[in-house]
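Visitor: Before I ask anything, let me first share the structure, which is written out below as structure tokens.
Just so it is clear, none of the values below were taken in a lab; they were calculated from the coordinates. Quick caveat: nothing in here was measured; it's all calculated off a predicted structure. Note that each Cβ is placed from the backbone with ideal geometry, even for glycine, and that neighbours are counted across all protein chains shown.
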Amino acid sequence: MTGARPERFRRVGLAGLRICAVGALYYGSAKLGLIQQLVGGQVTPLWPPTGIALASLLLCGLRVWPGIALGAFLVNVPLGPSIPAVLAIVAGNTLAPVCSYVLLRRTGFRTELDRLRDAMGLIFLGALTGMLISATVGSGTLALAGALSAEDFWPTWSVWWTGDAMGVLVVTPVLLVLRFARWPKSARPARWAEGLLLVAATVCVGFLETSSTPLIFLGFPLLIWAAFRFQLAGAALCALSVSTFAIVAAARGSGPFAGHDLLTNMITLQAFNGSSSLTALLVAATVSQRNQTQEEIARACGLLAEMVAKATAGGGHHPRLPDGGNGTETDGGRTGRPT
């Protein structure tokens, strides 16, 4: 009993530390997301805290949900019209990633994202479905509190949903990849050169995306390149970069986002970021699944070759026994045991 109490205190302290860490990451990423706010000083086209919240739940479990609520409360207190409205928004922001987590776990989601079903689940269940809760609760709360007019409800809702969904699509895969990331010590110089070339090309395309020229589609070849050559690690980081540049262009109203209203820009941005994330995750998952299949086939062939080699080597040492090798001798049809 004496040793159990310190162990219990250690577990409680570790759980509290994780909750505080999640809250701090939520708050810090929210401050970054608010830089590109478009509606009411608090609605942005990319909300990184949702990606952090879902990744924290997938990696640590439901016990870290108070950290999500704490971070959401600290962010929305100076922004909300009233304390009841803030509490309602916090409830929506907390419930959305929790529901996404439950939906993903019920479908057998794996954090390695090495299967097509995992990528599809993250896109359609984790991002597009789960984030309907936060967008609806948040926009409805602002409308009921009088901080949002009736004609601004749907544009605000679209931006809210876009921001939360994009946070899951572009931030969660990166955080899941970082958990399994290892420094490639055995990588050849050509591999490093290819990676640096991909980074340089992504930056150049990003500047073209934010310019007045509508060349936003140039990000797709980079996504396919990253997914084929660097699997999920490259695809997730490239999708994050391409989506960030597209969001900057939408906030500035440049490129394909010039001359349109807010709702049209959000639909365009959601379609582009959803398509880019879908392309990156699905191609990366397909390549990873193909590599796993090839490794399994190679391993099975190796085991089969080893078994054949052992059987061949063992067959050469068996003595040949007379009369079918049954260890008996026959004498005029009479069978007897050897003496």
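Visitor: Can you give me the orientation-averaged projected area of the convex hull built on the Cα atoms of the range 9-299, in nm²?
Guide: Projected over every direction and averaged, the Cα hull of the range 9-299 covers 16.8 nm².
Visitor: Taking every eigenvalue of the Cα gyration tensor of the range 120-239, multiplying by 5 and rooting it, what semi-axes result, largest first, whole Å?
Guide: Ellipsoid semi-axes (Å, largest first): 36, 19, 10.
Visitor: Going by a ≥ b ≥ c, the root eigenvalues of the Cα gyration tensor, does the range 163-234 fall in the rounded group (a/c under 1.5), the prolate group (a/b larger than b/c) or the oblate group?
Guide: Since a/c reaches 1.5 but b/c is at least a/b, the shape of the range 163-234 is classed as oblate.
Visitor: What ranking do THR94, THR50 get, fewest neighbouring Cβ atoms within 10 angstrom at the top?
Guide: Going from sparsest to densest Cβ surroundings: THR94, THR50.
Visitor: Shifting gears a bit: Which order do MET266, MET131, MET307, MET120 fall in if you start with the one that has the fewest other Cβ atoms within 10 Å?
Guide: Least crowded to most crowded, the residues run MET307, MET120, MET266, MET131.
Visitor: State the Cα centre-to-centre distance between the range 215-253 and the range 155-186 in whole Å.
Guide: 12
Visitor: How would you rank VAL205, VAL171, going from fewest to most other Cβ atoms within 10 Å of each one's own Cβ?
Guide: So the ranking, lowest neighbour count to highest, is VAL205, VAL171.
Visitor: Counting only complete DSSP H runs, which helices of the chain cover 27 Å or more along their long axis at the Cα atoms and score a mean Kyte-Doolittle of 1.0 or above?
Guide: Long hydrophobic helices here: 83-106, 153-180, 189-209, 219-252.
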